[in-house]
1. Convert each backbone phi in the stretch 79-88 into a coupling constant with the Karplus relation 6.51 cos²θ - 1.76 cosθ + 1.60 (shift: θ = phi - 60°), then list the ³J(HN,Hα) values in order as whole Hz, x for Gly and Pro.
2. List, in order, the whole-Hz ³J(HN,Hα) value for each residue of the stretch 67-78 obtained from phi through the Karplus relation with A = 6.51, B = -1.76, C = 1.60 and θ = phi - 60°; use x for Gly and Pro.
3. Hey, rough spin-label estimate for Cys94 and Trp26, points 7 angstrom out along Cα→Cβ, what's it come to in nanometres?
4. Give me the number: length gained by fully extending Glu67 to Glu34, i.e. 0.36 nm times residue separation minus the C-alpha to C-alpha distance, one decimal in nm.
Amino acid sequence: MDGAVLDLAVKIVSGFGIPGIIFVVWYYSEKSHEKTLAIYRDDTLRQQKIFEEGLGEVRRMYENNAELVRRFAALAGDQKDILLMNAQGYAKLCDQVATNQFCPMVRLKKQASGREEG
């Protein structure tokens with residue numbers, strides 16, 4: 001501070017006395033408190049933004065997982081249909097093997113009339 005400004009400040013403070021000193025200290029304390037609150041608000045808003053971005057990422061992961069489950073369920077349904085068709089095909093094959101329709105010798109013997117010799 002310059003000497004003239006300091007001299008002026010001393011005259012003003014001496015004119016107000018103790019209440020003037022308390023008022024000046026309170027004023028500067030309040031200004032400091034306002035700065036602190038502004039910094040706190042900015043930090044809180046920044047942290048809230050980071051939290052919301054993280055929450056959005058979690059939401060996207062959940063939606064992606066739900067889509068994956070839907071696709072997997074559709075794939076499992078398709079596989080079920082394929083397994084049923086395979087089982088029907090094997091059942092038909094087993095019946096054909098059991099009745100032995102593919103061996104010409106057995107087929108001719110079954111169509112022959114009369115007594116079979118074996």
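1. Taking θ as phi minus 60°, the curve returns 5, 4, 4, 5, 5, 5, 5, 5, 5, 5 Hz for the stretch 79-88.
2. 5, 4, 5, 4, 5, 5, 5, 5, 5, 5, x, 5
3. Distance between label points: 9.7 nm.
4. Answer, rounded to one decimal: 7.0 nm.
Read the figures in this text as sums done on the coordinates, not as results from a lab. Computed from a predicted model, the values in this text were never measured in an experiment. Note that each Cβ is placed from the backbone with ideal geometry, even for glycine, and that neighbours are counted across all protein chains shown.
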